[in-house]
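Novice: Have a look at this one.
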Amino acid sequence: MKKNQKGFSAVEGLLILIIVGLLGFVGWYVWNSNNKAGQQTLTKQASEISWKEKSIKLVGMTFKAPSNWQDISDNTKFKDSKYKYEEIKLKSPDNFVLSLSANNLPRGYESPPDFTVLEVKNIDASKQYIITDNGDGKVSRIYVGSGDIKVGEKIVPIPRINSKLDGVGIEIFGAFEKPSTSRPIFEVEYPSLAAFNQEKSVKEAKQILESIKFSN
């Protein structure tokens, strides 16, 4: 006895292929449109962020910083003391804090030079930004130092730059910060230089440091 066997005709198969193709095209079109819209939004947001000039008048230092970095400076700490002190402290939207200060405060205990330099780039003929490990291979900070500092060299945790103003030094460093139950500030450590450098705020911090100029 013969069984009835039915299959797709050539026309039906062609129609199925057309429908599948149309569904695939519509899906791709929607994804592509959403992707373009997201990129345009990011581009627009980036273009709306301006860079503003800031200055530490005590040492004639100027630099540029993104307008979306919050100024959290506190210049009242030593207002009525015998010390000279001026700072600009900036905080990025993702909690990278960059501190730039000019002061003649006593350094107190000086840590031994046990932080290994991992990256160096010149700001001008005598100043460089420096990224070191924390003495244990992990990375959390970027600094500014002076002199002929080289990758692999060991330095103190926060180098101090001498200014032309007698007795006043300049300290510049930045790190990601987060609250801690054991202490007010806790620096976020990264497992490697590459991981640290991937952060958008680190790239912007480098641009800030590279824009530093001195008028005296």
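Novice: Could you identify which residue out of A125, A102, A65 has the top mean-square fluctuation in a GNM of the chain using Cα springs shorter than 10 Å?
Specialist: Maximum among the listed residues: A125.
Novice: As an exercise, identify the chymotrypsin sites (Phe, Trp or Tyr not before Pro) in the stretch 93-134 lying in DSSP coil whose Cβ has no more than 16 other Cβ atoms within 10 Å.
Specialist: Details: sites: F96, Y109, F115, Y129; in loops: Y109.
In loop regions of the stretch 93-134 (DSSP not H, G, I, E or B), the sparsely surrounded chymotrypsin sites (Phe, Trp or Tyr not before Pro) are Y109.
Novice: Okay, next question. On full extension of the chain, what length is gained from N122 through S146, given 0.36 nm per residue of separation minus the C-alpha to C-alpha distance? Intermediate values should be presented prior to the final figure.
Specialist: On the way: separation 24, 0.36 × 24 = 8.64 nm, distance 0.93 nm.
The N122-S146 span can extend by a further 7.7 nm.
Novice: Right, next: What residue among I18, I131, I123 has the largest mean-square fluctuation in a Gaussian network model of the chain, using Cα springs under 10 Å?
Specialist: Residue with maximal mean-square fluctuation among I18, I131, I123: I18.
Novice: Also, quick follow-up: With r as the distance between the Cβ atoms of N68 and N35 and R0 = 25 Å, compute the FRET efficiency 1/(1 + (r/R0)^6) and round to 0.05. Can you show the working numbers first?
Specialist: Values: r = 24 Å, r/R0 = 0.97.
Efficiency for this residue pair is about 0.55.
Novice: Ok, one more. Starting from the amide H of F176, placed 1.01 Å from N in the peptide plane, find each other amide H under 5 Å away whose residue is 5 or more places distant or on another chain.
Specialist: Placed amide hydrogens put V97, V188 under 5 Å from F176.
Novice: How large are Rg and Dmax for the chain when calculated on the C-alpha trace, in angstrom?
Specialist: 27.5, 112
Novice: Now, a different point. Report the calculated FRET efficiency for I18 and K200 (r = Cβ-Cβ distance, R0 = 45 Å), to the nearest 0.05. All intermediate terms of the calculation are to be shown ahead of the outcome.
Specialist: Numbers: r = 45 Å, r/R0 = 1.00.
Once the sixth-power term is evaluated, E becomes 0.50.
Novice: Which cross-chain or sequence-distant (5 or more) residues have an amide H under 5 Å from the amide H of S211, H modelled 1.01 Å from N in plane?
Specialist: HN-HN under 5 Å from S211: K64.
Novice: Using θ = phi - 60° and the Karplus curve 6.51 cos²θ - 1.76 cosθ + 1.60, what whole-Hz ³J(HN,Hα) does each residue of the stretch 70-87 get, with Gly and Pro shown as x?
Specialist: Computed from phi, the couplings for the stretch 70-87 are 6, 7, 10, 4, 9, 9, 9, 4, 10, 4, 9, 9, 7, 8, 8, 7, 8, 9 Hz.
Novice: I would also like to ask the following. Amide H of D114: which non-local residues (sequence gap of 5 or more, or other chain) have their own amide H closer than 5 Å, using H built in the peptide plane?
Specialist: HN-HN under 5 Å from D114: I155.
Novice: Going through the cross-link list K64/K91; K77/K121; K52/K138; K82/K213; K54/K127, which pairs have a Cα-Cα distance over 25 Å in this structure? Numbers along the way, then the final one.
Specialist: Numbers: K64/K91 14 Å; K77/K121 32 Å; K52/K138 32 Å; K82/K213 27 Å; K54/K127 19 Å.
Violating the 25 Å Cα-Cα cut-off are K77/K121; K52/K138; K82/K213.
Novice: Related question: Count charges around F63 for me, please; just the other residues with Cβ under 11 Å from its Cβ, Lys/Arg as +1, Asp/Glu as -1.
Specialist: Details: positive: K52, K54, K64, K213; negative: E53, E210.
For residues surrounding F63, the net value is +2.
Novice: Continuing with the same structure: Name the residue farthest towards the positive end of the dipole of the chain from the options G13, V139, S211, assuming +1 on Cβ of Lys and Arg, -1 on Cβ of Asp and Glu, about the Cα centre.
Specialist: G13
Novice: Where Lys and Arg each count +1 and Asp and Glu each count -1, what net charge lies around D124 among other residues with Cβ under 12 Å from its Cβ? Don't skip to the end; give the middle numbers.
Specialist: Details: positive: K121, K127, K213; negative: E210.
With Lys, Arg at +1 and Asp, Glu at -1, the neighbours total +2.
Novice: Now for a separate question. Out of K89, K36, K79, any idea which swings most in a Gaussian network model of the chain, alpha carbons joined below 10 Å?
Specialist: K36
No value in this document is a laboratory result; all are computed from the given coordinates. Computed from a prediction, not measured in an experiment: that's the story for all the values here. Ideal geometry is used to build each Cβ from the backbone, glycine not excepted, and the neighbour counts take in all protein chains shown.
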